[in-house]
Amino acid sequence: MSLWADPVNVERKIIVKFLIHITSAVLLGLCFSQAADAAQGTGTAVSTGGMFPEVIARVNDQPISGRELEIIIRRELMSIGNPEWNALRAEYRAELIYSSVASLINSRLLYEKAIASGTKATAEEIDAEFQAIARNYSSDAEMNVALARQFLDRETMKQRLEHDLTVAKYLNSLAQDITVTPEEISKYYSENPEVFAHPDIVRVSHILLLSEGSPDLDAQVKERAEGLLTRAQKGEDFAKLAKDNSVDSTASEGGDIGYVTKEVLDPDFAASVFSMSVNEIRLVKSRYGYHVIKLMDKKAEGVAKLDEIREELTNLMKREKAQTELAALVSQLQEQANIVIMISPGD
């Protein structure tokens, strides 16, 4: 039986990508290879006037709403200039639907697994995360406007936080059991010399405050960023400032982006970072907002020595093992689940 209630000619094996926070933000590729065998039955989708039907899938008899799918897809469209849905190529619409539905299903399966294992975000953890987000806005009204742009309200935001923090806690518990031996590290280093050759690179930490809306709101965000800059330059702990104030996914890591090349950074961000001295702190505006930047280290083009990158390599290998184990777990959950998808990627 096909995974899709109304199947189209789309490759069954895809890589579904979504962001999960373990100890840092890692983009995990989730293999959707055997979900077709997990699907049970078909369904009839009923439209309620939105982009998609009211219910677009069921996972173990629990619905996934068309609204959830619409939120994911509208955010994706916002990142490319917010084109009209019907103006997109049919193939691209199918790809967006397919990958987004797969992501929602995998996320739901992981949440159910977390709950079944006894893992759940506490009310205190959810409130702390919500308050950390709220601190980035000067007023309740400003926050409500920002949430509305993301197709959310406060209650929905808290529900999403409960879901995401629960999954994160569960994955973190799995990640703690992953180890890499010194022998594995040395072998990886010796067998992959090209991985450790690098151009000019910098290690940078930052605090990001989103800048959007009217000039008055932008001025308020800039003033807040300047205040954080002054505090950091006077010696306050930069990592703590980032954890308490940054809206970037690196906040949990104290704002640490790690070593990066100029090409992967926003041009305005890169221009400042690569002209800075180590330990210098500066305020920069990019297309994302205002960044308080601290340059942690810089290295000229060359080949990294094992002792220099042992910690980073260890973390990399742990992440690779985590991805492999997570893909296997998701595949197992798909096989065990009752999954009914009620729309076609061609909708």
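The values are calculated or read from the model by the stated rules, or taken from the named source; none is laboratory data. Given the structure is predicted, the values throughout are model-derived calculations rather than measurements. Counting neighbours? That spans all protein chains shown, and the Cβs are built from the backbone with ideal geometry, glycine included.
When the stretch 188-215 is filtered for residues that are free of Cβ contacts under 8 Å to residues at least 60 places away in the same chain and either exposed (fewer than 12 other Cβ atoms within 10 Å of the Cβ) or more than 24 Å from Lys299 (Cα to Cα) (or both), the ones remaining, listed by number, are Ser190, Glu191, Asn192, Glu194, Ser214, Pro215. Residues considered: Ala94, Ala102, Ala128, Ala121. Of these, the only one that is within 26 Å of Ala251 (Cβ to Cβ) and not in a loop (DSSP other than H, G, I, E, B) is Ala128.
Only residues that are in a strand (DSSP E or B) and at pLDDT 90 or above: list them for the stretch 230-259, please. Quick ask: steps written out before the conclusion?
Here is the first cut: in the stretch 230-259, the ones in a strand (DSSP E or B) are 256-259.
Correct list: Asp256, Ile257.
Scanning the stretch 50-75 for residues that are part of a helix (DSSP H, G or I) and surrounded by fewer than 13 Cβ atoms within 10 Å (Cβ to Cβ) yields a count of 0.
Of all the residues in the stretch 188-220, those that are at pLDDT below 90, under 29 Å from Glu311 (Cβ atoms) and of a type in the set (A, V, I, L, M) number 2. Asp218 falls short on exactly one of the conditions (1) in contact (Cβ under 8 Å) with a residue 12 or more places away in the chain; (2) surrounded by 15 or more Cβ atoms within 10 Å (Cβ to Cβ), and that condition is (1).
Can you spot a residue in the stretch 153-168 that is of a type in the set (A, V, I, L, M), surrounded by fewer than 13 Cβ atoms within 10 Å (Cβ to Cβ) and in the same structural domain as Ala116 (by TED's automatic domain parsing)? Within the stretch 153-168, not a single residue is of a type in the set (A, V, I, L, M), surrounded by fewer than 13 Cβ atoms within 10 Å (Cβ to Cβ) and in the same structural domain as Ala116 (by TED's automatic domain parsing).
Run down Ile126, Ile115 and say which single residue is at pLDDT 90 or above and surrounded by fewer than 16 Cβ atoms within 10 Å (Cβ to Cβ). Working first, answer last.
Details: Ile126 fails: surrounded by fewer than 16 Cβ atoms within 10 Å (Cβ to Cβ).
Exactly one residue qualifies, and that residue is Ile115.
Count of the stretch 105-118 residues, restricted to those that are over 17 Å from the mean Cα position of the chain (by Cα) and part of a helix (DSSP H, G or I), is 6.
Every residue, every condition in (1) surrounded by fewer than 16 Cβ atoms within 10 Å (Cβ to Cβ); (2) of a type in the set (Gly, Ala, Ser); (3) within 19 Å of Leu210 (Cα to Cα), yes or no:
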site	(1), (2), (3)
Arg287	yes, no, yes
Val292	no, no, yes
Ala300	yes, yes, no
Val303	yes, no, no
Glu308	yes, no, no
Arg319	no, no, no
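The C-beta contact set for the stretch 223-244 (first residue in the same structural domain as Ser205 (by TED's automatic domain parsing), second residue basic (Lys, Arg) and assigned to a helix (DSSP H, G or I), distance under 6 angstrom, 6+ apart or interchain) is empty. Evaluation of Glu335 against the conditions (1) within 30 Å of Thr181 (Cβ to Cβ); (2) of a type in the set (D, E, K, R); (3) over 25 Å from the mean Cα position of the chain (by Cα) shows that the sole unmet condition is (1).
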